[in-house]
Ligand code: GDP
């Protein structure tokens, strides 16, 4: 592992001026895409360009690939999918880039949603042949909900695919964002010759390199040279680009930041083409961290004392580091390892002696971090998702919404002599948000209900209960399909209704579960005084 900490200016003492300057050179983003669109390939290529890692293939290995920095679970390897999230930090030019990994599998959208609370921008990666796929749309919906600016990258242009203009129509129709291509492909999908850079009219010619494991697959030519080289193919790109300009498809920074438009690039991640262009766009156009609003909507200035929030908690990284790890996004001030901060939820102090930068299995002690950076806090048993940590003036950031669960099952210890381990495991998984844990007096502590967005979360929970806590469980599916948030006043009346059950979630919230939407609709119509608040749908 050759990850290096980004070059940092000397900020001993962390005066406010440093913080503001350091924040300004940070870009914190995630890639959202459907499985197989090329996210891992793009991640590797970005890291390669930024020279964090010497050779593509070492960042985000999947089954059958070489490196395995961010995959850690046996199951994950067996399935060849990425379940956990890690943050990758590298420097490009004078910018520090924090790339937060999002799980690719549909059932992990809840986890992804949390990661998206910690980014300032998203790269929406689409497969040129498939357009906007289901998972991309779900993740996009989260970005829209949170107002996160989106940069679109059309990947795999080296393979036959859709017409470029048709793809732009699809982006516009389905996301509501106006696509404003920064580059335009020269050659149809499958005949990728390069791109017309719409910002300066130059031709960036795509040269194939063996295996894509080297940088520089691009040469820049003037428009005249491009015409001489590519003839009608170049003219067609120019014509289409002019057509786009006439319809107003020209980048506008304000519209992009206001989540009204999306700059678009065309790429071939596997050949590294378009990757340097994406890094330049991230540096040039993606927003740096700004003052983050607290739970009352009041922005906490970047140069206020340190603050941040936990967006992900994870345990059992591997046998060697069997502990609980909390990922914190720094929002204001300077984080210095060793500082003692306050947990806003509990009011208790938290010592950050073991702060680390985490890259899958590789850990590197982190000394200083600035707004936009992600810090992994080890031994974080006292921390939960959504917790705010601060130094100096108190601050509490808004809670992180959980998605509406759609699948429910009762968990029981398969071996009753392992009850202690069972309890500990349930508490940990609930705290991490692997599943939402619901209990009720009627069911008792020995039979908590797991509530999940996607059934695969059940598998992960079972696997971890058995392998990490030594408490094998059985899961008995329940017929519920819909959950609504309710309150103590409505609960007794709901409990007497048919096809409804009220349970309490680990965070104290009361959930009413319904077997079907008609049962819910009848109640809503006949008993409008009952509180039945919808939860954020994973769509
Ligand atoms: P992920 O599931 O989104 O992380 O996708 P991967 O990065 O694993 O890529 C899925 C498959 O598409 C792999 O076989 C890649 O080699 C391939 N792939 C990724 N990017 C490109 C590209 O630009 N062109 C072509 N032809 N294949 C690509």
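The values are calculated or read from the model by the stated rules, or taken from the named source; none is laboratory data. Since we're looking at a predicted model, the values are computed, not measured. Cβ placement follows ideal geometry from the backbone for every residue including glycine, while neighbour counts extend to all protein chains displayed.
A few points about this structure:
- Candidates in region 261-293 are the residues that are within 23 Å of residue 118 (Cβ to Cβ) and part of a loop (DSSP other than H, G, I, E, B); of these, the one that is nearest to the ligand (Cβ to nearest atom) is 286.
- Taking region 325-399 and the strands (runs of 3 or more DSSP E) fully enclosed by it, the elements with 1 or more residues that are at pLDDT 85 or above and within 20 Å of the chain's Cα centre (by Cα) are at 374-377, 388-390.
- For region 151-167, a residue qualifies if it is under 23 Å from residue 284 (Cα atoms) and surrounded by fewer than 24 Cβ atoms within 10 Å (Cβ to Cβ), and exactly one does: 151.
- Filter result for residue 138 (in the same structural domain as residue 271 (by the TED database), farther than 16 Å from residue 263 by Cβ and over 17 Å from the mean Cα position of the chain (by Cα)): no
- Test: residue 186 is buried (at least 23 other Cβ atoms within 10 Å of the Cβ), more than 15 Å from the ligand (Cβ to nearest atom) and at pLDDT below 95: no
- One residue stands out in region 10-20 among those that are closer than 18 Å to residue 374 by Cβ and at pLDDT below 75: the one that is farthest from the ligand (Cβ to nearest atom), namely 14.
- For region 21-46, the tally of residues that are within 16 Å of the ligand (Cβ to nearest atom), at negative phi and assigned to a loop (DSSP other than H, G, I, E, B) stands at 3.
- From the list 230, 239, the one residue that fits, being in the same structural domain as residue 172 (by the TED database) and surrounded by fewer than 17 Cβ atoms within 10 Å (Cβ to Cβ), is 239.
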